[in-house]
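Since every read-out is calculated from the coordinates, none of them should be taken as a lab result. This structure is a prediction, so every number in the text was calculated from the model and none was measured. Note that we place each Cβ from the backbone using ideal geometry, even for glycine, and neighbour counts take in every protein chain shown.
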Amino acid sequence: MNDKRHDWTRGVYAITDAQLLPSDRQLIEACRAALNGGLALLQYRDKSGDLSHRLRQALALAMLCRNYSVPLIINDDLALARRLRDDGYAGVGLHLGQEDGSLRQAREVLGPEAIIGATCHARLDLAERAADEGASYLAFGRFFASKTKPEAPPATLDLLAEAARFGLPRVAIGGIDIDNVSQARNAGAELLATVHGVFGGEDPETPVRELNARLNSTYS
């Protein structure tokens with residue numbers, strides 16, 4: 001295990017997709033490659049109703065992420081996140097949408113150290129509420145055309161600057177790729193979340209490295 005302290009608050013935030021990575025092997029191999037590229041966070045997102053399937057995959061990803069000292073974020077499943085943390089995977093966190101349960105309750109269940117993120121769409125009032133309820137980061141978007149959620153309401157990049165007042169890492173999501181990542185970063189996003197931008201090709205490591213190189217040039 002890599003004991004180097006990991007800064008999860010800025011960088012590339014990869015989100016898995018069950019259609020792009022339908023098998024356990026594809027999921028693990030793709031996530032390992034993305035982690036080799038240097039992720040800040042990895043989110044496991046699977047909306048299937050197969051609880052044993054989700055637990056099996058999440059456990060495998062939790063072990064993998066622990067080896068890289070990268071937090072694994074579970075999408076919209078507090079019970080699964082709690083199960084993993086109870087099993088000793090302290091780096092597991094949770095991401096909640098607006099209709100996926102109480103963030104305040106999740107904070108009470110997972111404790112003060114867990115990373116808990118909130119979807120805020122294009123609304124500062126949602127961000128304010130999430131911050132008050134104990135969110136670790138605030139996710140805004142979509143900022144660009146999204147292949148994963150093309151129907152998501154659009155957001156403007158100036159929203160990111162306005163959200164600075166909450167004092168939490170800001171996540172930009174929605175169509176993030178190598179062509180626009182600098183725009184989102186320069187607008188104020190510390191974390192750049194992407195699905196297709198990482199997992200849409202055959203080699204996830206390369207786009208993560210390219211995105212990190214572009215991001216590092218904006219930080220320097």
Of residues in region 93-116 being touching a helix residue (DSSP H, G or I) at 6+ places or on another chain (Cβ under 8 Å) and closer than 13 Å to Leu80 by Cα, the one surrounded by the fewest Cβ atoms within 10 Å (Cβ to Cβ) = Val109
note = Within region 98-142, the residues that are assigned to a strand (DSSP E or B) and under 21 Å from Gly175 (Cβ atoms) are Gly117, Ala118, Thr119, Tyr137, Leu138, Ala139, Phe140, Gly141
message = Taking the condition of being in a helix (DSSP H, G or I), buried (at least 22 other Cβ atoms within 10 Å of the Cβ) and either in contact with a strand residue (DSSP E or B) (Cβ under 6 Å, 6 or more places away or on another chain) or touching a residue at least 60 places away in the same chain (Cβ under 8 Å) (or both), how many residues in region 164-210 meet it?
response = 6
key: Matching residues in region 145-163 - criterion: being more than 15 Å from Ile15 (Cβ to Cβ) and assigned to a loop (DSSP other than H, G, I, E, B)   = Ala145, Pro150, Glu151, Pro153, Pro154, Ala155, Thr156, Leu157
inquiry  = Quick check on my filter: what residues within region 62-89 are under 18 Å from Ala30 (Cβ atoms), without any contact (Cβ under 8 Å) to a residue 40 or more places away in the chain and part of a helix (DSSP H, G or I)?
reply    = Ala62, Met63, Leu64, Cys65
message = Quick check on my filter: what residues within region 160-193 are small (Gly, Ala, Ser) and under 15 Å from the mean Cα position of the chain (by Cα)?
response = Ala172, Gly174, Gly175, Ala189, Ala193
ask   = Of Ala33, Ala18, Ala58, which residue is of a type outside the set (Phe, Trp, Tyr), assigned to a helix (DSSP H, G or I) and either within 16 Å of the chain's Cα centre (by Cα) or within 26 Å of Cys120 (Cβ to Cβ) (or both)?
value = Ala58
